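For reference, the structure discussed in these notes is given below.
The values are calculated or read from the model by the stated rules, or taken from the named source; none is laboratory data. These numbers come from a predicted model, not from an experiment. Counting neighbours? That spans all protein chains shown, and the Cβs are built from the backbone with ideal geometry, glycine included.
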Amino acid sequence: MTSDARRLATVPVGWLVPVCGLAGMCLAMWPAPTAAAILVVASLTILATTSYPVMAAFFLFLVFQDPLQVLAGGESTWGLLVKRTDEPLVILLGLVCLAINRSALASLGYRKLGLFIALCFAGLLLSSIPPKEWFPAGVDLALFSKPFLLFAIGLSLSVQREGLQRRLDVILWVMLACIAFGVVFLVMPRWQDAYVGDIRAPDERLGFLSAQGFFLGPGTYSWFAAATFAIAYAAYLAYKRMFHLCAALASAAFVALSWRRKSIIAVMAMILVSLLVRGTRGSRARSLAVLGLSLALVVTVFAPYVGALWTSTMREYGSADPYASARGALYYTSVLIARDHFPLGAGLASFGSHASKLYYSSVYTEYGLSTIYGLSPMDSEYITDTFWPMVLGEGGVFCLAGYLAFFGTLVAATWSAARRVGNDPRSAFVATAALLLLVGSLLESIASHIYGSSLQAALVLIPAGLAWRAERDRAASGTGG
């Protein structure tokens, strides 16, 4: 481990709170220079300790895209430009990785994974013949490609045995600092108003302000914290270090402070999966210890609010009427579309996608969704409230089958790799982290457009690509662990 990484790994956890508090106060008083200073310091820290500066710069942009948008003017022309820069960056970098990295392209042939991706595109494109409008269809096709191109970026990476240990603690400290910053705005909501301005009102659940840090929404924050948990927890299982355990528990606490039910359930699912996948008695004991600590936290701190949260959930989604909520209406209508267009869907930019929201699709009117709150032309905020209705509604059963096969193959491969621990903690960490992120994201995707968000999808699919590349290399070399 390098001296820089060692020093970062031994920084007392107690420093996070006062440092983040000072940063929040400065951000409220001098937003532009403070945010710029934070971005510069964080960027230089990561770039100075990585073997992949381009990838690090790309990921840093995704992490700090929201504060950059605030600095650029929020919903102004420059702010919207920053907001939309991630898509062309993902597409460009993904295509470059496939073009110049032969191993990345060859990895798509392993276990015929590329065929499942091709099936996704085939279902979508066949459903779009002929396209109703070329430009919205092109925009939607580019956005649809984003998760697979992020996966391709992960395929282009190869972490060496020593490289991972040198960088892991640095990455975790940066991620912990990002989520710990959420405390600042929870303590001083007025600072959050000064920072965000009129871009988006802070979210509240059960009378509590949802933690969201410097992100513009609690959904992105909650999954970022859940992904931090997955990485730290996988590191704890592989390397057995107390720092990783503390990082995992802290991340889980911040997930709870976001009050996002899907992310809380995703974290619990990650812990349960680790109990099933770890083969040794010591590994299972560590997983049980984390589960016990998490349950103790829930019982002692959040138990009084569990009943209220359950009541709120049932009131929102427990109705037998599928049109009682926007999310329920999207799921129900996607099945109707798949039935009416079987075995295809309604085509590109037609349903549940960001493009169908930007260029309001006639399908919403055709199926009676244009009068539902959040799905109307005047208020279309909830059109991208979930992910799978878009896949089924636009691409039909062909596209859905391809997507399910793609994720199913990844989960099966990482599950097998995580169980095959051997004596290599590096391989155990990579496989376990990818597995936990995949399982958690699949649960998150039920009530979130997670694979359509660049940062959220990158936190899942880049590690998944890295793990898949490692499995392919292992199979090609003929080694067993």
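If I filter segment 51-59 for residues that are touching a helix residue (DSSP H, G or I) at 6+ places or on another chain (Cβ under 9 Å) and at pLDDT 85 or above, do I get at least one hit? Yes, the conditions are met somewhere in segment 51-59. Taking the listed residues Leu442, Leu436, Leu466, the one that is more than 16 Å from Ala234 (Cβ to Cβ) and in contact (Cβ under 8 Å) with a residue 24 or more places away in the chain is Leu442, with no other qualifying. Residues of segment 188-240 that are within 15 Å of Arg261 (Cβ to Cβ), among the aliphatic types (A, V, I, L, M) and crowded, with 17+ Cβ neighbours inside 10 Å: Ala211, Ala225, Ala226.
Is one or more of the residues making up segment 154-171 of a type in the set (S, T, N, Q), assigned to a helix (DSSP H, G or I) and assigned by TED's automatic domain parsing to the domain that holds Leu404? Checking segment 154-171: not a single residue is of a type in the set (S, T, N, Q), assigned to a helix (DSSP H, G or I) and assigned by TED's automatic domain parsing to the domain that holds Leu404. For segment 227-280, how many residues are within 18 Å of the chain's Cα centre (by Cα), part of a helix (DSSP H, G or I) and farther than 18 Å from Gly292 by Cα? The total comes to 8.
Among helices (runs of 4 or more DSSP H) entirely within segment 61-110, having at least 2 residues that are out of contact with any strand residue (DSSP E or B) (no Cβ under 9 Å at 6 or more places or on another chain) and closer than 30 Å to Arg472 by Cα singles out 86-100, 102-107.
In segment 400-421, the count of residues that are more than 19 Å from Ala238 (Cα to Cα) and touching a His at 6+ places or on another chain (Cβ under 8 Å) is zero. Only residues that are of a type in the set (A, V, I, L, M), free of Cβ contacts under 8 Å to residues at least 12 places away in the same chain and closer than 18 Å to Ala56 by Cα were counted in segment 66-104, giving 2.
Counting only helices (runs of 4 or more DSSP H) wholly contained in segment 351-467, the ones carrying 3 or more residues that are surrounded by fewer than 22 Cβ atoms within 10 Å (Cβ to Cβ) and over 13 Å from the mean Cα position of the chain (by Cα) occupy 354-358, 362-366, 388-419.
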